[in-house]
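Accompanying notes for the structure given below.
The values are calculated or read from the model by the stated rules, or taken from the named source; none is laboratory data. Predicted, not measured: the structure shown is a model, and the values here were computed from it. As a convention, Cβ positions derive from the backbone with ideal geometry for all residues, glycine included, and neighbour counts pool all protein chains shown. Accessible surface is based on the protein model in full, side chains and every heavy atom, while ligands, DNA and RNA are left aside. Shrake-Rupley method; radii C 1.70, N 1.55, O 1.52, S 1.80 Å.
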Amino acid sequence: MIWWLRKQWLRLKLYAADNYQYEADSLIVWYGVAFGAGAAYYFALPWEVSAVWLVCLLEAVLLLLWLTRRRDGQFKLLTYVAVFMLGLCVAKADAMYRARHLENDLPEISYLRGRVKELDYNSNNRPRLLLADVNNFDRDLQGEFRISINKAPAWLKRGSCVELVARLPKGFTPNPLSNYNADRANFYKGLSATGYTIGPVFEVACPSSQQPPLFEKLITRAQTCIREVIDGNAAPDDTAARDAAAIAKALTIGDRSAISERLNEIYRTSGLAHFLSISGMHMSLIALLVFFLIRVTLFPFGAGRYDLRKPAAIVSILFTFIYFLISGQSVSCLRAFVTTSLVLAAVLMNRRAISLRLWAFAVIVVVSGTPEAVVSPGFLMSFAAVLGLVAYYERHAASIHGWLDKRSLCGRFAAYILGLLASDLVASLMTLPYSVYYFSQISVYTSLGNLLSGPVIGFWVMPALLLFLLSLPLGLGEYAVKPFAAGVDMVNRITAWVTDLPGSKAGEGVGTLPDWGILLLTFGLLWLCIWQSRWRLWGFAGIILGTLGIFFSPAPDFVFDETGTTYAYKNAAGNLAITPYRKNKFLQKMWTGRRHKGKYEIPPGEPLVCDKKQCVYKGRIEFSEGKLRLDGRDVPLRHGGFINLSAGSVWYYRPETGRLWHK
């Protein structure tokens, strides 16, 4: 038996060595994966790791690197461990730096005075302020504060200075059914606290120390101008025009507050929700249009004598930087700008603009600046889509170009449609696991929606957006906004038509993936896309095993919050429904998709029985305010969670990681 195992081990080593010798280029790409994995591991830890221990571990790895410098195999393996540790240390250092610039232990009722940095609306359509340069009676406060108010006074605008009394709750009520950690998100947004006013908002004079920098004033003025021009083009009584204006503001200044929940739901169902947030698609199309415009402009003067790509790339980088500044400078915008700039920088240095090496370098750059992005759905889905498209392009580019050279004009147009379908299929398959993991949703008609809207976005909306931005300094924005808004309205009509197709919502509530399932899927996709030799096909094993995880993921039959004041149960239709205990309105909407108003009545035929003291669900779960029992035994509420009746198990939310853990 031992002899047989040694023989199999030798065969495995020979197989790996045979494939390894052709993978010199691919090995470099794995450094980007190792760096991102190190940062992600920091957020997966159920405790806060000590900085001293991290430094000691990193030094130990560096010492091993020096000791094994003459052993090629061990040295290369340890370099990946060192890069992994470096990513972990970067995430820890970033968290330590941010923690030093935020306030802790503020009174729940606090007096605040500061400058309005942003003014938008929350999901309840209530005005919301982002206050900077905040102080109270005692001292200046660090960080920023997001405060909701009942009504915005006429004088309130960006740059105004206000004072108010706010209630600052101690953290968000966790949502056990979501992978989104609101407290962690606010920490990395630089928010010391969030809350709401308990009185009027007063205008005060801004002291000279609270005057925003000139640079920020210019950006605010540009955003205000864009907002006024877009709103001025939409008639107040025209719903379609107001919807187009809301999305136009999201595409230009990153303001999504005016997009209604109905419109958000339509875009999610049609698979075009990515269009609403400024991302790599928007940045790359703007850069491509500027690049093409500059080359066409300079062609009569330098064709055949100069490389016109370089000045076009420089102007494209500058314009995308301006677009990044006015778009709100969010993390997703920063990620898109960095990636687009790296591609244009490759053109400047006569390097290959599209490659897996550039993808890995972009991962390292983005994670170094924003480590928290590595566990966000936007980062994972965008980089997964790019990885799949680049891998597909590298493998099939030569054959595609050779085939296109032999086609007529009509054939090339047909090839464009096929290419659009192929690209959408690759991107959809690469992002599908993360859509299921984070949102428990599959967009059934995503390929159809992207096929119909892709030409409209690429040939109408984005060129019109560029024309609109260029026309603003000339005072022609009110004319240029009309074709821009018309293009957005066309995309709205396409998404509405796709959403109305039969079975469009069949992919909602498909279940979710456990952590081990998404890890296997991610590793399988990386293995399949990065390696070049035949052993890359082993990636399908990870993909298949990870996909099977959806059948082992616990389904919530009964959900409870950390206070025992809000419960939800699975009704006869298989959907979550609210109970008489429904104090937390936010969780009501998150769990059931709506808020219950008026007197509560149990619908007929539901497996729920209530009296004045308590409710009983399916004869097994007894619950009342602050108390929960399963099969006669008490269930601690902790930080909230859910119960799976088929297994009789309780799953708890862990606020340290934002994940669910079995009891």
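Here are the numbers for the structure shown:
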{"item": "Flag for Ala245 being open to solvent by less than 20 Å² (accessible area, probe 1.4 Å), modelled with pLDDT of 80 or more and in a helix (DSSP H, G or I)", "result": "yes"}
{"item": "Residues located in the stretch 359-393, provided they are more than 14 Å from the chain's Cα centre (by Cα), open to solvent by less than 30 Å² (accessible area, probe 1.4 Å) and either among the acidic types (Asp, Glu) or within 19 Å of Arg536 (Cα to Cα) (or both)", "result": "Trp359, Ala360, Leu387, Gly388, Val390, Ala391"}
{"item": "Contacts under 6 angstrom Cβ, first residue in the stretch 182-209 being closer than 14 Å to Arg167 by Cβ and of a type in the set (Gly, Ala, Ser), partner modelled with pLDDT of 85 or more and open to solvent by 20 Å² or more (accessible area, probe 1.4 Å), 6 or more apart", "result": "Gly195/Arg167; Gly199/Val165"}
{"item": "Qualifying residues in the stretch 9-53 (those that are in a loop (DSSP other than H, G, I, E, B) and either open to solvent by less than 30 Å² (accessible area, probe 1.4 Å) or among the hydroxyl-bearing types (Ser, Thr, Tyr) (or both)) - the one modelled with the lowest pLDDT", "result": "Tyr22"}
{"item": "Selection status of Leu78, farther than 30 Å from Lys189 by Cβ and surrounded by 17 or more Cβ atoms within 10 Å (Cβ to Cβ)", "result": "yes"}
{"item": "Leu660 being modelled with pLDDT of 85 or more and either open to solvent by less than 60 Å² (accessible area, probe 1.4 Å) or in a loop (DSSP other than H, G, I, E, B) (or both)", "result": "no"}
{"item": "Top-ranked residue in the stretch 448-468 [being within 22 Å of the chain's Cα centre (by Cα) and touching a residue at least 40 places away in the same chain (Cβ under 8 Å); ranked as most open to solvent (accessible area, probe 1.4 Å)]", "result": "Asn450"}
{"item": "Meets criteria (open to solvent by 30 Å² or more (accessible area, probe 1.4 Å) and under 22 Å from Phe202 (Cβ atoms)) for Ala152", "result": "yes"}
{"item": "Those helices (runs of 4 or more DSSP H) lying entirely in the stretch 427-537 with at least 1 residues among the basic types (Lys, Arg)", "result": "477-499"}
{"item": "Residue that is most open to solvent (accessible area, probe 1.4 Å), among those in the stretch 570-608 that are in contact with a Cys (Cβ under 7 Å, 6 or more places away or on another chain) and assigned to a strand (DSSP E or B)", "result": "Pro580"}
{"item": "Output for the stretch 336-354, where each listed residue is in contact (Cβ under 8 Å) with a residue 24 or more places away in the chain and either outside any loop (DSSP other than H, G, I, E, B) or open to solvent by less than 20 Å² (accessible area, probe 1.4 Å) (or both)", "result": "Ala336, Phe337, Val338, Thr339, Thr340, Ser341, Val343, Leu344, Ala345, Val347, Leu348"}
{"item": "Long-range neighbours under 9 Å by Cβ, at least six apart or interchain, first residue free of Cβ contacts under 8 Å to residues at least 60 places away in the same chain within the stretch 641-653, second open to solvent by less than 20 Å² (accessible area, probe 1.4 Å)", "result": "Gly648/Leu630; Val650/Leu630; Val650/Val635; Val650/Gly641; Val650/Phe642; Val650/Ile643; Val650/Asn644"}
